[in-house]
Every structure is written in C-alpha cells, then in structure tokens.
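Structure, as structure tokens:
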C-alpha cells in the first residue's frame, strides 16, 4: 500500500474527531441490543451483567459530543439504567 493511502492530516483528524462520538454511541447501542438478545431470547443470562456498564458507557458518551440535541435519548438511558439495575439484581 502506498503512503498516500495512509496519510493522516489535520483534515482527516478533524473528520475522525467529529464522527467518533456518533460511531461510539452506535456501537454501544448495538452491543446492548446483542446483550439483550443473548440474555432474553437465547437464555444466556450471563450477558445481563454487562448491561449496566454498557449503559454507563452510553450515558458518558451522550454527556459529551453532539448529543445535547437529544435529551429524550439521554432520559431514556437514565430510565433504562434504573429499570435494568433493578431487573438484574432480581435475576443475578
């Protein structure tokens, strides 16, 4: 691969920094969905123990970056953290 394909300049860095929070939120939400499916559908309840840390990561990401425009999403995460915490304490 030529060095022109690996160029890292300030424009690329800025684009990466702008898109990283969106990609990170998407990935954490995707992982949470997988944990729910594995736990609730496939009966692999050991994945429930990872949900609180996933929600904490999501909460942290939503507190930074371009997410102030999405207060409902932030509130939903808080509601889920409370509900999931109670549910996990009953199951684990």
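Condition check ((1) over 18 Å from residue 70 (Cβ atoms); (2) assigned to a helix (DSSP H, G or I); (3) free of Cβ contacts under 8 Å to residues at least 12 places away in the same chain) across all residues:
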site	(1), (2), (3)
23	no, yes, yes
26	no, yes, yes
31	yes, yes, no
37	yes, yes, yes
43	yes, no, yes
48	yes, yes, no
53	yes, yes, yes
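Residue count for segment 34-92 under the criterion of being more than 21 Å from residue 21 (Cα to Cα), at pLDDT 90 or above and exposed (fewer than 12 other Cβ atoms within 10 Å of the Cβ): the result is 5.
The values are calculated or read from the model by the stated rules, or taken from the named source; none is laboratory data. Here the structure is a predicted model, which is why all the values come from computation and not from measurement. In this analysis, Cβ positions are derived from the backbone assuming ideal geometry, glycine residues included, and neighbour counts consider all displayed protein chains.
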